Amino acid sequence: MAGPLAGIRIVEFAGIGPGPFCGMMLADHGAEVIRIDRASGSRGGSTPLSTKDVLARGRKSIAINLKTAEGVALARKLCASADGLIEGFRPGVMERLGLGPDELLRDNPKLVYGRMTGWGQTGPYSHAAGHDINYIALAGALAHYGRKGEKPTPPINMVGDFGGGGMMLAFGMSSALLSVARGGEGQVIDCAMTDGTAALMGMIHGMRNMGVWSEDLGANMLDTGAHFYDTYETADGKFISIGSIEPQFYAELRRLAGLEDDADFDAQHDRAAWGPLKDKLTALFKSKSRDEWNALMEHTDVCYAPVLTMSEAKEHPHNVARGTFIEIAGDKQPAPAPRYSGTQTATPAPAPLPGDDTDAILESLGMNDTDRAALRDAGTVA
């Protein structure tokens, strides 16, 4: 394996969304991530069944029947060989399986036990069902995504599931693994998407505390309130983005847009003028196509970029030059990020199907052909 986490073994109990994203991040950066799938191979809301699943790339898969004592014993043996574990079940599920932190940390005191939930392991909501939209709502984030006069709009599921969830758990896992490497003991990570989302809102809370952020929707510089920080439609029905906050960038916007002589635009930070100025920019940007605005403003200090779809982003010259997207199993998908000067990451392998690596994983645990055959005959593994 290549990358800074080479030599680290992570066991991932198959789940959906943020847990697999955490596993993808660790695998992308060199960890050996072994996914425990259902021995039946049925999806059941958790097991990927396609090699095109981006979040499941770079794994090894073993299919274990956790409904049997033998399956649980095998999972415990696997976890005893690991540096870390990722699970995304509701609180109490792993304990009922006999795979809770008490048991596994007793088997392996250096184990980093990562728990991913929406609400956390404790609290009044902890046992309730939920999804990203609910977690970011309760965390005080969703109320601030949207335009003035419109209802809050969820930013797909980027903030709760992936930013405040999977990425936060990957950071927590890496931090705890570093602690173990420096002589510390294993521990449990309680990663709640509500907590992580609240942390992502840190700058906005700071601005609110300083009295420079209004809780009214679409009334601030960064939430579509300002004319100089927004998206605009072009003549061909496409969109561009403008982020001309600093005075020199705003001056460049005015120069290239032909607005230097329009005195109305002198009032950049007069909030009362933002609405009328946005109306002017809306009409102006609709006068040319996106390509025409690109020709004027790309590669300048306007703080400008075309608003690209996923398909368009894969073909943009900047992304092509950097290798931002790579081809795996015949499909382009995001490359591992960030990048390292010394411990470069490798191109991830496609997502395995359930049980693809069962024999190799069992062999790594010291099991011979007879042992493996016995486990299959008993229905312990697929």
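The values are calculated or read from the model by the stated rules, or taken from the named source; none is laboratory data. Model, not experiment: these values are computed from the prediction. Don't worry about glycine lacking a Cβ; one is built from the backbone with ideal geometry, like all the others, and counts go over all protein chains shown. When the accessible area is computed, the model is the full protein with side chains, heavy atoms only, and any ligands, DNA or RNA have been set aside. Shrake-Rupley method; radii C 1.70, N 1.55, O 1.52, S 1.80 Å.
Which of rounded, prolate or oblate describes the stretch 1-142 when judged by the alpha-carbon gyration tensor and an a/c cut-off of 1.5?
Rounded, because the longest to shortest axis ratio a/c is under 1.5.
For I328, which sequence-distant residues (separation of 5 or more, or a different chain) have an amide H within less than 5 Å of its own amide H, given hydrogens modelled in the peptide plane?
Hits under the 5 Å cutoff: Q333.
Can you list the residues, at least 5 places off or on another chain, whose amide H is less than 5 Å from the amide H of V112, using H built in the peptide plane?
G84, L85, Q187
Amide H to amide H, which residues 5 or more places from A31 or on other chains are under 5 Å from it, using H placed in the peptide plane?
For A31, the qualifying residues are L5.
Rounded to the nearest percent, how much of the accessible area of the stretch 112-245 (1.4 Å probe, protein heavy atoms only) is carbon and sulfur?
On the way: 3820 of 6380 Å².
Percent of accessible area from carbon and sulfur atoms in the stretch 112-245: 60.
Would you calculate, for the chain, the mean residue ellipticity at 222 nm contributed by helices, counting each DSSP H stretch of 4 or more residues as -39,500 (n - 2.57) and dividing by all residues, to the nearest 500?
Theoretical 222 nm ellipticity from helices: -10000 deg cm²/dmol.
For each pair in K238/K278; K60/K332; K286/K314; K52/K110; K52/K148; K238/K332, compute the distance between the two Cα atoms and list the pairs where it is over 27 Å.
K52/K110; K52/K148
What are the ³J(HN,Hα) couplings of the stretch 15-24, residue after residue, when phi is run through the Karplus curve with 6.51, -1.76, 1.60 and θ = phi - 60°? Round to Hz, x for glycine and proline.
Once θ is set to phi - 60°, the couplings for the stretch 15-24 become x, 10, x, x, x, x, 5, 4, x, 4 Hz.
Which of the GluC sites (Glu not before Pro) across the stretch 265-340 are loop residues per DSSP, with 11 or fewer other Cβ within 10 Å?
none
Percent antiparallel among DSSP beta bridges with both residues in the chain, to the nearest 5?
Taking every DSSP beta bridge within the chain, about 35 percent pair in antiparallel fashion.
Within 10 Å, count the other beta carbons around each residue, average over each peptide in 179-188, 68-77, and list them highest first.
My ranking of the peptides, most packed first, is 68-77, 179-188.
For the stretch 232-242, what does the Karplus curve 6.51 cos²θ - 1.76 cosθ + 1.60, with θ = phi - 60°, yield as ³J(HN,Hα) per residue in whole Hz, taken in order and with x for Gly and Pro?
Using θ = phi - 60°, the values come out as 9, 7, 9, 4, 9, x, 9, 9, 10, 10, 10 Hz.
Going from most exposed to least, what order do K278, K67, K314 have by accessible area with a 1.4 Å probe? Don't jump to the answer; show the numbers that get you there.
On the way: K278 35, K67 195, K314 60 Å².
The ranking, largest first, comes out as K67, K314, K278.
Which of the aspartates and glutamates could be linked to K288 by a straight reach, that is with a Cα gap under 12 Å, when you skip same-chain ones fewer than 8 residues away?
Of all the aspartates and glutamates, those that pass the test against K288 - Cα under 12 Å, at least 8 places apart if same chain - are E233, D236.
Taking the highest mean first, how do the peptides 26-39, 234-247 order by number of other beta carbon atoms within 10 angstrom per residue?
On the way: 26-39: 25.2, 234-247: 16.0.
Peptide ranking by packing, descending: 26-39, 234-247.
At 1.4 Å probe size, with every protein chain present, just tell me what the per residue accessible area of the chain comes to in Å². Present the calculation step by step, with values, prior to reporting the outcome.
Details: 18530 Å² over 382 residues.
Counting only protein heavy atoms, the per-residue value for the chain is 48 Å².
What are the ³J(HN,Hα) values, in whole Hz, obtained from phi via the Karplus relation 6.51 cos²θ - 1.76 cosθ + 1.60 with θ = phi - 60°, for each residue of the stretch 367-382 in sequence order, with x given for Gly and Pro?
Working through the residues one at a time gives 9, 8, 4, 5, 4, 5, 5, 5, 5, 5, 4, 7, x, 6, 10, 8 Hz.
Compute a Gaussian network model of the chain, connecting alpha carbons closer than 10 Å, and tell me which residue from P350, P317, P20 fluctuates the most.
Most flexible of the set in this elastic network: P317.
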